[in-house]
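Chemist: One structure follows; several queries about it will come next.
The values are calculated or read from the model by the stated rules, or taken from the named source; none is laboratory data. Every value quoted in this text rests on a predicted model; they were computed, and no experiment measured them. Virtual Cβ from ideal backbone geometry, glycine too; neighbours counted across all protein chains shown. Heavy atoms of the whole protein, side chains included, go into the accessibility calculation; ligands, DNA and RNA do not. Shrake-Rupley method; radii C 1.70, N 1.55, O 1.52, S 1.80 Å.
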Amino acid sequence: CQVRHVDFSLGGVIVETRREHLTAQTVHVRYLIDASGRDTFLANRFKMKRSNPAHNSAAIYAHFRGATSGVGKSASDFSIFWFDCGWFWFIPLADGVTSVGAVVSPHYLKTRKGRPLAQFLEKTIALCPQLEERLTNAQLASPVEASGNHSYSSDRTHGGNYLLLSDTYTFIDPVFLSGVILAMQSSFAGADVVDDCLREPQRAT
């Protein structure tokens, strides 16, 4: 269901929700865990979300079919390729599809100058001979997309009766699946914190 509004003014938490095709429902809870991911429900509500200038990068990416990857146990390994304007990721996925993306400076992305994204990605791949060789017989299997810097953090992770987990609090450019690690670790730690707060409310600050 969709959470439409939360109210912290009466000690506990009042959560207004709506399920598809149903009327709104109000739920009273003792503690609220925000696991809304990059929707950052509470961070937006409290206006405490800040962009991260240390991760000022852009990405161009797509899926390819028929790329050359490793063999045997290394067939699913992902690779990183450096080139003069940034670096590429090369991540084998299911059914012979590979995710390929270039992380570059916004300045480099501006050199596109209106060219189609697919053409610009092809030009960028040509700047990295090792990657270009792996894609010699590959074909695009998805639209080419571009994305700006989405890294952010929040001023705080918790309050007296709420807790933000993982991407609801901070998001780092997802190198090496750091988002998965943060999500899992913050969930384990968060479960212990909430258990302590409910058992001993005086510890909730």
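Chemist: Being open to solvent by 20 Å² or more (accessible area, probe 1.4 Å), within 30 Å of Ala54 (Cβ to Cβ) and within 24 Å of the chain's Cα centre (by Cα) is the filter here, so list the residues in segment 109-136 that pass it.
Modeler: If the condition is that a residue be open to solvent by 20 Å² or more (accessible area, probe 1.4 Å), within 30 Å of Ala54 (Cβ to Cβ) and within 24 Å of the chain's Cα centre (by Cα), then Leu109, Lys110, Leu117 are the ones that fit.
Chemist: With respect to Glu133, determine if the residue is assigned to a helix (DSSP H, G or I), under 14 Å from Phe88 (Cβ atoms) and without any contact (Cβ under 8 Å) to a residue 40 or more places away in the chain.
Modeler: Values: assigned to a helix (DSSP H, G or I): yes; under 14 Å from Phe88 (Cβ atoms): yes; without any contact (Cβ under 8 Å) to a residue 40 or more places away in the chain: no.
Taking the combined requirement at face value, the residue does not satisfy it.
Chemist: With respect to Phe90, determine if the residue is surrounded by fewer than 19 Cβ atoms within 10 Å (Cβ to Cβ), free of Cβ contacts under 8 Å to residues at least 60 places away in the same chain and farther than 30 Å from Val194 by Cβ.
Modeler: Taking the combined requirement at face value, the residue does not satisfy it.
Chemist: Considering Gln202, Gln185, which residue is over 24 Å from the mean Cα position of the chain (by Cα), of a type in the set (S, T, N, Q) and farther than 16 Å from Phe88 by Cα?
Modeler: Going through Gln202, Gln185 in turn, the sole match is Gln202.
Chemist: Pairs needed: first member in segment 191-205, at pLDDT 80 or above; second member anywhere, open to solvent by less than 70 Å² (accessible area, probe 1.4 Å); C-beta distance under 6 Å; at least 6 residues apart or different chains.
Modeler: Val194/Tyr31; Cys197/Ala204
Chemist: Oh, and also: Mind counting the residues in segment 152-177 that are loosely packed, with under 13 Cβ neighbours inside 10 Å, under 20 Å from Ala43 (Cα atoms) and at pLDDT below 85?
Modeler: Number satisfying all stated conditions: 1.
Chemist: Limited to segment 40-58, what total is found for residues that are free of Cβ contacts under 8 Å to residues at least 60 places away in the same chain, not in a loop (DSSP other than H, G, I, E, B) and not polar (S, T, N, Q)?
Modeler: The qualifying residues number 2.
Chemist: Look through Val100, Val71 and report the one residue that is out of contact with any helix residue (DSSP H, G or I) (no Cβ under 7 Å at 6 or more places or on another chain), β-branched (Val, Ile, Thr) and modelled with pLDDT under 90.
Modeler: Numbers: Val100 fails: modelled with pLDDT under 90.
It is Val71.
Chemist: Restricting the search to segment 59-86, which residues are under 20 Å from Ala141 (Cβ atoms) and outside any strand (DSSP E or B)? Before the answer, list the steps.
Modeler: Step one: filter segment 59-86 for residues under 20 Å from Ala141 (Cβ atoms), giving 59-70, 75-79, 81.
Of everything in segment 59-86, those that are under 20 Å from Ala141 (Cβ atoms) and outside any strand (DSSP E or B) turn out to be Gly66, Ala67, Thr68, Ser69, Gly70, Ala75, Ser76, Asp77, Phe78.
Chemist: What number goes with the only condition from (1) at pLDDT 90 or above; (2) under 27 Å from Ala183 (Cβ atoms) that Ala94 does not pass?
Modeler: Going through (1) at pLDDT 90 or above; (2) under 27 Å from Ala183 (Cβ atoms) one by one, Ala94 breaks only (1).
Chemist: Picking from Val144, Val193, Val180, which residue would you name as being surrounded by 12 or more Cβ atoms within 10 Å (Cβ to Cβ) and out of contact with any helix residue (DSSP H, G or I) (no Cβ under 6 Å at 6 or more places or on another chain)?
Modeler: Within the list Val144, Val193, Val180, the selection yields Val193.
Chemist: If you check Leu22, Leu10, Leu117, which single one turns out to be farther than 30 Å from Arg156 by Cβ and at pLDDT below 90?
Modeler: Answer to the check: Leu22.
Chemist: Just for segment 1-56: of the residues that are under 15 Å from Thr170 (Cα atoms) and among the acidic types (Asp, Glu), which one is surrounded by the fewest Cβ atoms within 10 Å (Cβ to Cβ)?
Modeler: Asp39
Chemist: I would also like to ask the following. Which residues, taken from segment 59-82, are among the hydrophobic types (A, V, I, L, M, F, W, C) and touching a Ser or Thr at 6+ places or on another chain (Cβ under 8 Å)?
Modeler: Ala59, Ile60, Ala62, Phe64, Ala67, Ala75
Chemist: Scan segment 59-81 for residues that are touching a residue at least 24 places away in the same chain (Cβ under 8 Å) and of a type in the set (A, V, I, L, M, F, W, C) and jot them down.
Modeler: Ala59, Ile60, Ala62, Phe64, Ala67, Phe81
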